[in-house]
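Working notes for the structure below.
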Amino acid sequence: MEKWCVIYSSVTGNTKMVAEAMAEEAGADIFALKDAPADLSGYEVVALGYWLRLGAPDAQMLAFLPKVTGKAVLFFETHGTEPGSEHAVTAFARAGYALGEGCRIVGTFGCQGKINPALIEKRMKETGVADDDPHAGKKAQERWKRAAQHPNEEDLENARAFIRDMKKKQEMRKAYLAAKATGKGRPH
């Protein structure tokens, strides 16, 4: 059986909530980023969770990602943007680009989460409250209100389902590689 760990960075508690749901479902060890082991050799699968800052994983997670090498990796992120938005999707690519050598990205999971109130206050002061301002205008404020309701129990159940799917995906890959090694794998 594969050994999993979940490592997360969280400021408002959003990513921590998702990490806890995932770790429980996976039967994984869980670490806040500041407590993450330097040696990950005891783990086959590493789930890495972060919050978004400037369209990328937060700075602490970005600094950690290159240290993760030779692992099957799951990314999960929480953000105040709309689910599936370009901003959220691009952040996964930026995380992947920062990973250390030899990693294989198994899957990605994202959900909305409440935005740090200090960041909202800063944006309001910097940009004002013009209705058409994309960072603090009317649409942004409406999005912030929706994001403040997340992660909710549906999001956490989706995170658990994601882990179940990823475990199955890993099992299927192992079976395929074992069959291929014996010459009984299906040709592509």
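The values are calculated or read from the model by the stated rules, or taken from the named source; none is laboratory data. What you are looking at is a predicted structure, and each value in this text was computed from that prediction instead of being measured. Cβ placement follows ideal geometry from the backbone for every residue including glycine, while neighbour counts extend to all protein chains displayed. Accessible surface is based on the protein model in full, side chains and every heavy atom, while ligands, DNA and RNA are left aside. Shrake-Rupley method; radii C 1.70, N 1.55, O 1.52, S 1.80 Å.
Rundown of residues vs (1) under 24 Å from GLU171 (Cβ atoms); (2) under 15 Å from the mean Cα position of the chain (by Cα); (3) at pLDDT 95 or above; (4) open to solvent by less than 70 Å² (accessible area, probe 1.4 Å), yes/no style:
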{"site": "VAL11", "(1), (2), (3), (4)": "no, yes, no, no"}
{"site": "ALA36", "(1), (2), (3), (4)": "no, no, yes, yes"}
{"site": "TYR43", "(1), (2), (3), (4)": "yes, no, yes, yes"}
{"site": "VAL89", "(1), (2), (3), (4)": "no, yes, no, no"}
{"site": "VAL106", "(1), (2), (3), (4)": "yes, yes, yes, yes"}
Selection count, the stretch 53-87, where residues are open to solvent by 10 Å² or more (accessible area, probe 1.4 Å), within 14 Å of the chain's Cα centre (by Cα) and on the phi > 0 side of the Ramachandran plot = 1
Which one of these does LYS34 not meet: (1) basic (Lys, Arg); (2) outside any loop (DSSP other than H, G, I, E, B); (3) within 22 Å of PRO151 (Cα to Cα)?
-> (3)
Does at least one position in the stretch 16-28 carry a residue that is open to solvent by 70 Å² or more (accessible area, probe 1.4 Å) and in contact with a Ser or Thr (Cβ under 7 Å, 6 or more places away or on another chain)?
-> yes
Tell me which residues, restricted to the stretch 8-19, are outside any strand (DSSP E or B) and touching a residue at least 12 places away in the same chain (Cβ under 8 Å).
-> SER9, SER10, VAL11, THR12, ASN14, THR15, LYS16, MET17, VAL18, ALA19
Yes or no: ALA136 out of contact with any helix residue (DSSP H, G or I) (no Cβ under 7 Å at 6 or more places or on another chain), modelled with pLDDT under 70 and either part of a loop (DSSP other than H, G, I, E, B) or not charged (D, E, K, R) (or both)?
-> no
Inter-residue pairs, beta-carbon under 8 Å, first without any contact (Cβ under 8 Å) to a residue 24 or more places away in the chain and more than 11 Å from GLU2 (Cβ to Cβ) and in the stretch 161-179, second open to solvent by 30 Å² or more (accessible area, probe 1.4 Å) and charged (D, E, K, R), 6+ apart | TYR176/ARG186; ALA179/ARG186
Identify all residues within the stretch 85-97 that are more than 16 Å from PRO66 (Cβ to Cβ), free of Cβ contacts under 8 Å to residues at least 24 places away in the same chain and of a type outside the set (Val, Ile, Thr); write none if there are none.
-> SER85, GLU86, PHE92
Please enumerate the residues belonging to the stretch 91-104 that are outside any loop (DSSP other than H, G, I, E, B), closer than 25 Å to MET172 by Cβ and touching a helix residue (DSSP H, G or I) at 6+ places or on another chain (Cβ under 8 Å).
-> ALA95
